[in-house]
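The values are calculated or read from the model by the stated rules, or taken from the named source; none is laboratory data. Because the structure is a prediction, the values reported are computed rather than measured. As a convention, Cβ positions derive from the backbone with ideal geometry for all residues, glycine included, and neighbour counts pool all protein chains shown. Ligands, DNA and RNA are excluded from the accessible area calculation, which covers all protein heavy atoms including side chains. Shrake-Rupley method; radii C 1.70, N 1.55, O 1.52, S 1.80 Å.
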Amino acid sequence: MPLVVGPATSFDDLAILLGPKRDPDASVCWCLSHRLPAATHRALTGRARGEYVRELTARAVAPGVVAHDDGEPVGWAAVAPRSELPFARSRTIPHVDDLPVWSVWCFRVRAGHRGRGIARALLAGAVAYARDQGAPAVEGYPVDNRGARVDLTMAYVGTRALFEAGGFTFAAATTGVSGGFPRVVMRRALTG
């Protein structure tokens, strides 16, 4: 069965991909650090983080997309309207214009499944989902690592090459840095 990417509507899938591996009370990221304002992110701890994600999967608009390989969840990409995210108020990630773009900002591919093009499939799935929801464009804020190796803990933002392969073009420089590399705004128009 081929890789299938679709809206993240199953909390169980996200618990496998994003939740704590051993201690259910651990305050792991759950891909909330760039979804919530900083104060809310810090205040939400332990199991409450997972419950917040459970609520996100029940909304009409999914919090992102999940890749399944033979029915098993193997990857995640966060995608949502930028207006709902801290990126809307960021001092390091500039707004290119006033278009109501969607942002894709976090990728996660499970160990044992990396190196198979899943991140590319996730990016394509995030673009398709944003298009289906009426987004006029999608932005990402990856590192511009120029081919250098990116530490896996910081690779969650993606690379410029990943976004270029997905049809995105450079839109702006930022003052953001991740893993020692500068971040850039990459954009893909979905209309016109």
**Report entry** At most 15 other Cβ within 10 Å, DSSP loop - trypsin sites (Lys or Arg not before Pro), region 83-140
**Finding:** 91, 114, 116
Report summary line: Expressed as a percent, the accessible surface of region 17-102 that is carbon or sulfur, using a 1.4 Å probe and the full set of protein chains, is 53 percent
Report summary line: SASA check, residue 152, accessible area w/ 1.4 Å probe, all protein chains in place, rounded to nearest 10 Å², comes out at 110 Å²
**Report entry** Signed unit charges on C-beta, dipole axis of region 114-192, positive-most listed residue 136, 117, 161
**Finding:** 117
Report task. With runs of 4+ DSSP H residues as the only contributors, calculate the mean residue ellipticity of the chain at 222 nm using -39,500 (n - 2.57) per run, divided by the residue total and rounded to the nearest 500. Result -> -7000 deg cm²/dmol
Query raised in the report: Among 78, 130, 171, which one shows the biggest mean-square fluctuation in a GNM of the chain, springs joining Cα atoms closer than 10 Å?
Result: 171
**Report entry** Residues whose placed amide H lies under 5 Å from that of residue 106, excluding near-sequence neighbours
**Finding:** 78
Query raised in the report: What are the ³J(HN,Hα) values, in whole Hz, obtained from phi via the Karplus relation 6.51 cos²θ - 1.76 cosθ + 1.60 with θ = phi - 60°, for each residue of region 61-67 in sequence order, with x given for Gly and Pro?
Result: 9, 5, x, x, 10, 10, 9
Query - Exposure ranking of 186, 154 by accessible area [1.4 Å probe, largest first] - result: 154, 186
Query raised in the report: Can you give the accessible area of residue 97, probe radius 1.4 Å, in Å² rounded to 10?
Result: 60 Å²
Report summary line: Under the rule rounded for a/c under 1.5, else prolate if a/b exceeds b/c, else oblate, using alpha carbon gyration tensor axes a ≥ b ≥ c, region 23-117 is classed as oblate
Query - Extension reserve of the residue 70-residue 9 stretch, reckoned as 0.36 nm per residue once the Cα distance is removed - result: 20.2 nm
Report summary line: With every protein chain kept in place and a 1.4 Å probe, the residues 185, 177 fall, from largest accessible area down, as 177, 185
Report task. Please report, in debye to the nearest 20, how large the charge dipole of region 139-192 is about its Cα centre when each Lys and Arg carries +1 at its beta carbon and each Asp and Glu carries -1 there. Result -> 60 debye
Query - Hydrodynamic radius by Kirkwood, which averages 1/r over all alpha carbon pairs of the chain, in angstrom - result: 16.8 Å
Report summary line: Distance in Å, no decimals, from the C-alpha centre of region 48-89 to the one of region 1-46 is 8 Å
Query raised in the report: Counting alpha carbon pairs within less than 8 Å and at least 6 residues apart, what relative contact order, in whole percent, applies to the chain?
Result: 19 percent
Query raised in the report: So what is the accessible area of the chain per residue, in Å², with the probe set to 1.4 Å?
Result: 49 Å²
Report task. Could you check which residue among 30, 76, 102 shows the biggest mean-square fluctuation in a GNM of the chain with a 10 Å Cα cutoff? Result -> 30
Query raised in the report: Taking the simple approach of a point 7 Å from Cα along Cα-to-Cβ for both residue 149 and residue 170, what is their distance in nm?
Result: 2.6 nm
